[in-house]
Each structure stands twice: as structure tokens, then as C-alpha cells.
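Presented below is the structure to which this report refers.
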Amino acid sequence: MMLNDGGLLQRLGEWFIAPLGYTLDAASRMYWMFWLSALAIALVAMLWAQWRERRVSVARAVAQLLSPHHWWRRSTVVDLGFLVGNSLLRLAVIIPLLGTHLMATLWVARALQSSLGNAPDLALSATAVAALYTLCFFLCEDFSRFFLHRTMHKVPWLWRFHKVHHSARRLTPLTLFRVHPLEMGLYYIRGLLVFGAVSGLFVYLFGAQLSGWDILGVDALGFAFNFLGANLRHSHVWLSFGPLERWFISPAGHQLHHSRLPEHRDRNFGTCLALWDRLCASHLPAVARKPKLVFGLAVARQR
Ligand SMILES: [Zn+2]
Ligand SMILES: [Zn+2]
């Protein structure tokens, strides 16, 4: 059989640059703007920590931030392998499924219409509908992430897959991609269910008042979350939110989640809000000063 060399090369080229596509995708935490904002926030956090010790040095902060001793490690090379593998999987399986979000929305809206009849007239302005939709979506998104993440820790069969993420011994923003493909699939289904249910309910209730822009711009709060340093969750930069720790999971809070010390085990499953962890008694606020942490799998948890 003859191979079409041009087509094959083009396909290989697409696959090769697929991981770079994340840096141009504003929906991805790898978006270039989020790297820059994380860098700026990291520098401020490091200078703040130095100021408390009365030894401020910008050069030292930059050297610590970009240290090859942290970045160029076996753990990071493994993360890079996951980045390439998972981006190819996304290209092959998830992107072709993007239309399913709209289908799920229409299916839910039609199901509500046929089972409940016409929606009540709620007489809200378009701005109020957009704000309510964004808030509902954010809460459902954040809670469902917490619920699935906690379930992956608590159910031994699912922990076998989630422990791949926890096997990182060094945390860098690329650790986000160190995820078993089955976990990726479960998060995709979770996202589809949340998007379909919330968008379908709002299309049913508000129809014309809900513009396409509202649906597409729904992740405004997710954008803010990423812009405000979400990349530091997987990093060597300690950023706690001080008094706001009660309300939000800080990057330092997620680093405690990755700690293999027994006192940190099964804490801070949340993504953005601390509320869900507080309700389930799994919240551990991060203190201002960085404690000594060890990442990776504890021997007892490797089974
Ligand atoms: Zn976890
Ligand atoms: Zn993590």
C-alpha cells in the first residue's frame, strides 16, 4: 500500500504542535497569558516572603523561580510525556466530541419542556440572566470537580488511576497533565453533564434572554481563577491566601493536597471554593510560611 507522504507529514506536524495549542487556548490553564500572570504573582509572593525575612533580592527570587534544579528533573520529564500523550488523546477523541455539549443542552431543554410544559415567566433582565447563569455554572462546575476528585481518592478502584497524578515528586504547572486517560475521560463526562444540565435548564427557563455569548462566555469565573495564579497550584512557589483561606483553595492549599505527610492525607480536594471541603471536614488552610513538604506517593498508598 502506498502512503500519502504529504498527508502523513501534515498529520505528524499537527500532532507534534498539538501540545503547543494549549498556550493559545484561553480555556486552558496553559494559555500564555496565564503563564505570564502566574510568573508575576510568583515573583511578588517570593519577594513578599523575602521581605518578611528582611532579605529582599529580585535576582535571588528570579533564580529560585527558574532554577533548573527544580525544573529539569525526571518528574518533569514524565509530566512532559503525559502532556504530549494526553494532548494527542484530546486531539483524537475529545475535540471531535465538542458538539456533544450543545446536543446535551438541547436534549435537557427539550426534556424539561416536554415533561413540565412551558417555563414560568420569571421576568429577569438579560444581564441578570447572564449573571445568574455564570454563577450557577461556576458553582456546579466547582462542586462536581470536588465530588469527582474526592471520589477518586475514596474509592480504591478509582484511586488506582488518580494516583498517577499524585506520583509527581516535583510540582510544576505541567503536572496538571499527569493524569491517567481514564481520569481524563471521567472529567470529560463530568463536564458534559454539568454543561448540559445547567445550560439546558437556562435555555428552558429563559430561552431568548440567554444569548449565545452567555453560553460561550460562561467560563468567565474560570478565566479569572486561571488568571489569578492557578498555575502556582503545581509549583514550588508557596502562595497562601491568608484570611481568604477559609473561602478559597489557594495554590499552597493544593500543594498540601499533594503532600505525602500523614497529616495532609485526603485534604483540600477542592478546586476553587473551600466550602465543599469545609462541609466534608477535609479542609486544611495553608499557613503563611511554607512548611517542609514531600511530594509523591507514600509507600502505604502505592498499592
Ligand atoms: Zn488528588
Ligand atoms: Zn494536583
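The values are calculated or read from the model by the stated rules, or taken from the named source; none is laboratory data. The structure presented is a predicted model; accordingly, all values stated were derived computationally and were not measured. So basically every Cβ, Gly included, is an ideal-geometry build from the backbone, and we count neighbours across all protein chains shown. Side chains are part of the model used for accessible areas, which takes the heavy atoms of the whole protein and leaves out ligands, DNA and RNA. Shrake-Rupley method; radii C 1.70, N 1.55, O 1.52, S 1.80 Å.
Before moving on, here are some points about what is shown:
- Spread of Cα-to-Cα distances over 10 Å intervals beginning at zero, given as percent, for segment 114-195: 14, 32, 27, 14, 10, 1
- Over all pairs of different C-alpha atoms, the chain has a mean inverse distance whose reciprocal, the Kirkwood radius, equals 21.3 Å.
- Calculated [θ] (222 nm, deg cm²/dmol) that DSSP helices of n ≥ 4 give over the chain, each run adding -39,500 (n - 2.57): -18500 deg cm²/dmol
- Taking 0.36 nm per residue of separation and subtracting the Cα-Cα distance, full extension of the segment from LEU279 to ALA92 would add 63.5 nm.
- The alpha carbon convex hull volume per residue for segment 46-176 rounds to 233 Å³.
- Computed over protein heavy atoms with a 1.4 Å probe, the carbon and sulfur contribution to the accessible area of the chain reaches 71%.
- Accessible surface of VAL108, taken over heavy atoms with a 1.4 Å probe and every protein chain present, rounds to 30 Å².
- The label point for HIS101 and the one for VAL62, both projected 7 Å from the Cα toward the Cβ, are 3.8 nm apart.
- Solvent-accessible heavy-atom area per residue, rounded to whole Å², over the chain at 1.4 Å: 56
- Segment LEU43-LYS154, length gained on full extension (0.36 nm per residue, minus Cα span): 36.4 nm
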